[in-house]
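These notes are about the structure you will find just below.
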Amino acid sequence: MRHDRQVLIFDADDTLWENNILFERAIDGFLDWVAHPTLDRTAIRGVLDDIERANSAAHGYGSTVFLRSLGDCFATLHSRPASAAELRHLEELASALVEGKVEPMPGVARTLEALGQRHELLLLTKGDTGEQERKIAASRLARHFREVHIVAEKTVDTYWRLAERNSLVPETTWMIGNSPKSDILPARQAGMNAVFIPNEHTWVLEHGELDPADDGVLTLTTFPELLRHF
């Protein structure tokens with residue numbers, strides 16, 4: 001059953017295009033390269049996760065903060081800062097992130113085109129403003145959205161402010177994304193509905209527990225399945 005005209009708010013990274021897999025590839029390269037006399041890959045990844053958690057809270061998101069986290073992790077493991085040559089190697093590991101190449105996932109453009117004929121579409125993404133703007137431009141998807149919002153973090157207040165600014169009715173508003181932490185849980189706390197489209201590459205810091213009994217959350221397997229419901 002399709003819903004009548006609704007407001008659909010879309011996440012960007014790992015919902016419209018793959019993003020975190022690029023970070024994961026860089027991390028795999030880092031784990032292959034960095035050495036420690038007593039810690040294995042799993043333990044080193046735990047150190048890096050803790051550093052990323054602290055740095056994202058203090059400095060936000062994006063490739064620059066990620067490189068900082070790699071450097072901080074190296075310094076923690078070796079009790080010294082990385083040398084200039086080692087820093088260049090870290091930059092090489094993350095080169096795909098800096099290049100900002102974006103490829104929408106299969107069916108995304110076609111699905112947005114169809115949904116835009118029946119519903120009002122907004123884009124809500126978090127991260128470094130300049131970096132997100134470049135990715136949105138590279139995706140060529142901005143034309144599908146009435147408004148694009150780039151925020152430092154997605155909290156309940158973020159969704160309340162967005163609803164107030166756009167005079168949204170929570171009962172007919174849906175947040176669509178892959179992150180329980182940033183997309184689904186805060187939107188539900190703000191009274192909106194949500195569509196959860198899991199991505200196997202979702203960043204570990206974006207994980208969260210969803211209530212399986214919450215009938216305000218629709219879980220789908222792929223992005224084009226939205227056309228069956230909207």
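The values are calculated or read from the model by the stated rules, or taken from the named source; none is laboratory data. All values reported here derive from a predicted model rather than from experimental measurement. Heavy atoms of the whole protein, side chains included, go into the accessibility calculation; ligands, DNA and RNA do not. Shrake-Rupley method; radii C 1.70, N 1.55, O 1.52, S 1.80 Å.
Relative to the longest principal axis of the C-alpha atoms of the chain, give the angle of the C-alpha long axis of helix 41-59, reported between 0 and 90° and rounded to the nearest 10°.
Once rounded, the angle reads 60 degrees.
Let me have the relative contact order for the range 14-89, percent, based on Cα pairs under 8 Å that are six or more residues apart. Walk me through the intermediate numbers first.
Values: 30 pairs, mean separation 17.0, N = 76.
About 22 percent, as a whole number.
Express as a percent, rounded to the nearest 5, the fraction of DSSP beta bridges in the chain (both residues included) that run antiparallel.
Working: 1 of 22 bridges.
If I count the DSSP bridges inside the chain, around 5 percent turn out antiparallel.
Give me the percent relative contact order of the chain, please, defined on Cα pairs under 8 angstrom at least 6 residues apart. Spell out each step's value before the answer.
Numbers: 333 pairs, mean separation 65.2, N = 230.
In percent, rounded to a whole number, it is 28.
Can you give the angle from 0 to 90° between the axis of helix 20-33 and the longest principal axis of the chain, with both taken from C-alpha atoms, to the nearest 10?
10 degrees
For the range 75-92, just list the computed ³J(HN,Hα) in residue order, Karplus coefficients 6.51, -1.76 and 1.60, θ = phi - 60°, integers in Hz, with x standing in for Gly and Pro.
So the Karplus estimates, Gly and Pro as x, are 5, 5, 5, 10, 6, 6, x, 5, 6, 4, 5, 5, 5, 4, 5, 4, 5, 5 Hz.
What shape does the range 128-230 have by the C-alpha gyration tensor, where a ≥ b ≥ c are the square roots of the eigenvalues, rounded means a/c under 1.5, and otherwise prolate means a/b greater than b/c and oblate the rest?
Values: a/c = 1.33, a/b = 1.19, b/c = 1.12.
Rounded is the answer for the range 128-230, as its axis ratio a/c remains below 1.5.
What is the distance in Å between the Cα centroid of the range 1-55 and that of the range 196-215?
Their Cα centres are 13 Å away from one another.
Once you have the Cα-Cα distance between residue 103 and residue 134, take 0.36 nm times their residue separation minus that, and quote the gain in nm to one decimal. Intermediate values should be presented prior to the final figure.
Values: separation 31, 0.36 × 31 = 11.16 nm, distance 1.25 nm.
Contour length minus the Cα-Cα distance gives 9.9 nm.
Using a 1.4 Å probe on the protein heavy atoms, what percent of the accessible area of the chain belongs to carbon and sulfur? Each step should come with its number before you reach the end.
Values: 5920 of 11500 Å².
In the chain, the share of accessible area belonging to carbon and sulfur is 51 percent.
Mean residue ellipticity at 222 nm from the helices of the chain, using -39,500 (n - 2.57) per DSSP H segment of n ≥ 4 over the full residue count, to the nearest 500 deg cm²/dmol?
Values: 10 runs with 102 residues, N = 230.
Counting only the DSSP helices, I get -13000 deg cm²/dmol.
Full-extension gain between residue 225 and residue 79, please, as 0.36 nm times their residue separation minus the C-alpha to C-alpha distance. Each step should come with its number before you reach the end.
Details: separation 146, 0.36 × 146 = 52.56 nm, distance 4.97 nm.
This chain segment gains 47.6 nm when fully extended.
Enumerate the amide H contacts of residue 19 below 5 Å, restricted to partners 5 or more residues apart or on another chain; note that Pro and chain-start residues carry no placed amide H.
For residue 19, the qualifying residues are 14.
Does the range 114-187 come out rounded, prolate or oblate, given a ≥ b ≥ c as the square roots of the eigenvalues of its C-alpha gyration tensor, rounded meaning a/c under 1.5 and, failing that, prolate meaning a/b above b/c? Spell out each step's value before the answer.
Working: a/c = 1.69, a/b = 1.11, b/c = 1.52.
Judged from the Cα gyration tensor, the range 114-187 comes out oblate (a/c at least 1.5, b/c at or above a/b).
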